[in-house]
Amino acid sequence: MTVHDAYDVVVVGGGNAALCAALSASEFGKKVLVLERAPEGESGGNSRFTAGLFRVAYAGVDDLKRPIPDLTAEEIARTDFGTYTEEQFLDDMGRVTEFRCDPDLTELLVKRSLPTVEWMRKKGIRFTAAWGRQAFNINGKFKFWGGLTVEAVGGGPGLVEGLTSAARKNGIEIWYQARAVDLILEDFSVVGVKVKKSNRTLEIRSRAVVLAAGGFQADPEWRTRYLGPGWELAKVRGTRFNTGDGIRMALEAGAAATGNWSGCHAVAWERNAPEFGDLAVGDQFQKHSYPWGIYINAEGRRFVDEGADFRNYTYAKYGRVILQQPGQFAWQIFDAKVKAQLRDEYKIKQVTKRVGNTLEELVGKLEDTNQKNALEEIQQYNRAVQADIPFNPNVKDGRCTKNLKVNKSNWANTIDTPPFEAYAVTCGITFSFGGLKINTDAQVLSTDGEPIPGLYAAGELVGGIFWFNYPGGSGLTNGAVFGKIAGSSAAKNG
Ligand SMILES: Cc1cc2nc3c(=O)[nH]c(=O)nc-3n(C[C@H](O)[C@H](O)[C@H](O)COP(=O)(O)OP(=O)(O)OC[C@H]3O[C@@H](n4cnc5c(N)ncnc54)[C@H](O)[C@@H]3O)c2cc1C
């Protein structure tokens, strides 16, 4: 076994949390090594698959100029950015997690969101406003909705590229195809990590180790074990490399498990998508325009309130609902009235799409589905729409259905204008919610409640922050905020 002992801080993982941790540790003049399990072409974890959206609290456009200093006067003039205050971010976290989110970690997530993206900007990561995804054009002026305004230029690939080149500029070494397999302990302190590289085991000694190796969602056995029966049938939206290694190593070293171990982030995802994410398609297999239409399952029945809230606050929990349907799939159905509002992801060529000029023709094309029930269900839904309430996609408009078994609370449009379209979706898992317990210095806590000396963690593999659901764009912010904290705490140890 070869032993390396030239590093102060070893970071396990190559995504957003890991690279932020590495950059932060290097600010203290430390020698930092990043271990990335994936080959370079697939590096960057789930972070690379994202749209690069960051949830950030801001009091107005002046705050946004901190991470986006190149916002032009013309862009500002044609945009209503509104505000997304710390209180709103905290409220959103509380509400969607049913008030189970760890209060101390959540406060840090919220309060450090803006300073952290500003810090990233200073490291060379470029941000812009997410006009394309999170704003509606109302009479020539873009209005942001849902508290999600900041986006990395170039999306996830741009983010990972920016972080990687910043890491290199700062003298951080990155080893690809280097899989951490074990922590090295002396008594109860972590003093390094064992790595599998080219089928050899290397021992890397360091003063601190930061785990940022993602959740366990890419391992079907762990999914079934913790999320429950049926979860082996879900598709993985992102990287195939997040198989719980970081969590396992830490638990074996005595770390405490915490958070929503039976919960995860999972969305509506193209029914015929491959088993794992495809970087050429990125997040475009997702199908997030369901608030403007309806869902029908294999029995031809609606099963969920498509308009319960803005998409940002429902999409992460509806994947599970789809997985629970017969055959683990459903159809999203729209008519021509909302066609222009469908997101770009509906236009890719890898969609399972059916079109009909009448409802009868459309349902006749819905394979694996009770077509008679489906037709009845759509007609019954149409009759229940409260059409006197005006449709407004920018607010929860209260345009609902009445007296259905499953009502739709907002944006209930009748499905009556041809051509009609149906898109087949299944459940795509994004990341698992359960993980390691950390404190506000990102130190990993043991089952005795004390920090494990030398061990830090950030990102997806930390538990206790997200439960049941998740406000869109919080994953990258979470990785960046706690990655930065973990890096500086690890450096101070080193
Ligand atoms: C399709 C998709 C779209 C998304 N869109 C958004 C979005 O727009 N905004 C948002 O906030 N969130 C989004 N998310 C969620 C977001 O990707 C994650 O919350 C976030 O990227 C997690 O960052 P991370 O650094 O913890 O993990 P990752 O980025 O997944 O990084 C984990 C890294 O660990 C490596 N690794 C695993 N095991 C080992 C090992 N044993 N040794 C060494 N390395 C290892 C992996 O190869 C990987 O590089 C999206 C996710 C997906 C899949």
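The values are calculated or read from the model by the stated rules, or taken from the named source; none is laboratory data. Everything quoted here is computed from the prediction, not taken from an experiment. FYI the Cβ positions are ideal-geometry reconstructions off the backbone, even for glycines, and counts take in every protein chain you see. Remember, those area values only see protein heavy atoms, side chains included, never the ligands or the DNA or RNA. Shrake-Rupley method; radii C 1.70, N 1.55, O 1.52, S 1.80 Å.
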**Asked** Pick from the range 1-47 the residues that are small (Gly, Ala, Ser) and away from the ligand (no atom under 14 Å from the Cβ): which of them is surrounded by the most Cβ atoms within 10 Å (Cβ to Cβ)?
**Response** ALA25
**Request:** Scan the range 447-481 residue by residue and report those that are within 9 Å of the ligand (Cβ to nearest atom) and out of contact with any Phe, Trp or Tyr (no Cβ under 9 Å at 6 or more places or on another chain).
**Result:** GLY479
**Asked** Do the conditions hold for VAL304, that is, is it closer than 23 Å to ASN410 by Cβ, in a helix (DSSP H, G or I) and not hydroxyl-bearing (Ser, Thr, Tyr)?
**Response** no
**Fill in**
Restricting attention to the range 194-208, the residues that are away from the ligand (no atom under 11 Å from the Cβ) and either within 14 Å of ALA6 (Cβ to Cβ) or open to solvent by less than 30 Å² (accessible area, probe 1.4 Å) (or both) number exactly 7
**Message:** Can you find a residue that is part of a strand (DSSP E or B), touching a residue at least 60 places away in the same chain (Cβ under 8 Å), more than 10 Å from the ligand (Cβ to nearest atom) and more than 24 Å from the chain's Cα centre (by Cα) anywhere in the range 159-172?
**Reply:** no
**Asked** What residue, among those in the range 50-61 that are surrounded by fewer than 24 Cβ atoms within 10 Å (Cβ to Cβ) and at negative phi, is nearest to the ligand (Cβ to nearest atom)?
**Response** ALA51
**Message:** Give me the residue from the range 134-145 that is crowded, with 21+ Cβ neighbours inside 10 Å and modelled with pLDDT under 80 and, out of that set, nearest to the ligand (Cβ to nearest atom).
**Reply:** GLN134
**Message:** Here's a check for you: in the range 236-292, which residue that is assigned to a loop (DSSP other than H, G, I, E, B) and of a type in the set (A, V, I, L, M) is farthest from GLY155 (Cα to Cα)?
**Reply:** ALA253
**Request:** Report those strands (runs of 3 or more DSSP E) wholly inside the range 418-484 carrying at least 2 residues which are among the polar types (S, T, N, Q) and surrounded by 24 or more Cβ atoms within 10 Å (Cβ to Cβ).
**Result:** 420-432
